[in-house]
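Worksheet for the structure shown next.
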Amino acid sequence: KPLLSIRNLGKIYGKDTRALKGISLDFYPGEFIVVIGPSGAGKSTFIRCINRIVDPSEGAIIFDGQPLEKLTGRKLRKERSKIGMIFQHYNLIGRTNVIKNVLHGQLSNIPLYRSLFGLYPYEDKKEAVELLRKVGLQDQIYKRADELSGGQMQRVGICRAILQRPKLLLADEPIASLDPLSANIVMQQLHTISQEKRLTCIVNLHQVDYAKKFATRIIGIKQGEVVFDGAPSHLTDEL
Ligand code: ADP
Ligand code: ADP
């Protein structure tokens with residue numbers, strides 16, 4: 001049974017910018033999906049509609065049994081807390097150290113008073129350290145986030161998203177600001193961790209080579225429409 005079902009999703013910005021047109025897709029647990037397409041194809045809009053940063057103009061988004069497009073307030077926040085986000089520009093708190101960035105996820109479920117006093121649950125601290133070790137940052141735990149390289153920052157971003165214990169991970173151009181070597185490490189770790197936890201992961205990329213290397217499924221978008229949906233081995237050259 002799919003974790004996420006999208007039906008007839010459409011988005012129009014302003015009067016006539018049709019960024020998405022009639023998208024219908026099902027996503028299953030454990031899939032590592034890479035969405036590719038040229039700039040302006042609608043990739044960001046697609047991801048932003050799923051977590052409702054952008055409100056869709058039409059269609060349905062059924063996530064974990066809930067109609068996300070209809071939810072507001074507390075119910076929306078509850079469903080969103082099951083969706084981990086990874087950003088192109090990492091969105092870390094630069095003046096704060098690495099472990100606190102991981103613990104203090106933007107969408108975390110920790111009550112405000114606890115995080116203010118640094119009273120993070122013991123299991124969270126333990127898991128944060130384990131995750132940081134997994135991505136090779138065990139020696140940077142108390143470094144300020146703004147002292148890290150871009151690749152290291154994104155690995156912190158991965159740990160933060162995973163600590164939230166999401167069912168779905170969304171990553172919008174996570175490697176667009178990285179050099180090829182760091183990009184490869186970030187994609188490798190994102191892939192390994194999400195496969196290990198059987199998460200559904202949807203990643204926007206404009207690089208076809210990384211999509212072919214890591215995706216279990218590739219979705220090609222052009223001018224707001226799905227033009228390819230299948231295994232990397234079936235990807236044809238004209239995409
Ligand atoms: P991609 O991520 O593939 O580059 P986007 O989803 O950013 O594509 O953009 C799809 C289309 O929607 C483009 O024509 C873009 O200019 C337009 N668009 C994106 N965001 C907005 C916005 N906030 N307001 C108006 N138009 C937008
Ligand atoms: P990216 O491709 O990395 O999303 P963009 O420069 O396309 O970067 O978009 C930066 C911001 O501007 C985004 O928030 C996007 O939604 C918004 N945006 C993109 N295109 C338009 C547009 N035509 N009109 C208004 N806002 C836009």
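The values are calculated or read from the model by the stated rules, or taken from the named source; none is laboratory data. Please read these numbers as outputs of a predicted model, since none were measured by experiment. Neighbour counts run over all protein chains shown; Cβ positions are idealised from the backbone, glycine included.
Values as computed for the structure displayed
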item	result
Strands (runs of 3 or more DSSP E) wholly inside the stretch 121-239 that include at least 1 residues being within 16 Å of ligand 2 (Cβ to nearest atom) and closer than 16 Å to residue 87 by Cβ	168-172, 200-205
Filtered residues of the stretch 14-39 (kept if within 19 Å of residue 60 (Cβ to Cβ) and acidic (Asp, Glu))	26
In the stretch 22-50, residue surrounded by the fewest Cβ atoms within 10 Å (Cβ to Cβ) [restricted to those that are of a type in the set (D, E, K, R) and away from ligand 2 (no atom under 16 Å from the Cβ)]	26
Residues being more than 13 Å from residue 150 (Cα to Cα) and crowded, with 16+ Cβ neighbours inside 10 Å - total across the stretch 170-216	24
Residue in the stretch 74-84 that is over 27 Å from residue 218 (Cβ atoms) and surrounded by 15 or more Cβ atoms within 10 Å (Cβ to Cβ) present	yes
Every residue from the stretch 26-50 that is over 17 Å from residue 85 (Cβ atoms) and not in a loop (DSSP other than H, G, I, E, B)	26, 36
Positions within the stretch 63-88 being basic (Lys, Arg) and either part of a strand (DSSP E or B) or within 16 Å of ligand 2 (Cβ to nearest atom) (or both), in sequence order	none
Output for the stretch 49-71, where each listed residue is among the polar types (S, T, N, Q) and modelled with pLDDT under 95	51
Meets criteria (hydroxyl-bearing (Ser, Thr, Tyr), modelled with pLDDT of 95 or more, within 16 Å of ligand 2 (Cβ to nearest atom) and within 18 Å of the chain's Cα centre (by Cα)) for residue 17	no
Residue within the stretch 37-44 that is of a type outside the set (Val, Ile, Thr) and more than 15 Å from ligand 1 (Cβ to nearest atom) present	no
Check on residue 30, small (Gly, Ala, Ser), within 19 Å of the chain's Cα centre (by Cα) and more than 8 Å from ligand 1 (Cβ to nearest atom)	yes
Residue match in the stretch 73-87 (condition: within 16 Å of ligand 1 (Cβ to nearest atom) and in contact with a His (Cβ under 9 Å, 6 or more places away or on another chain))	no
Qualifying residue in the stretch 51-62 (condition: buried (at least 20 other Cβ atoms within 10 Å of the Cβ) and in a strand (DSSP E or B))	yes
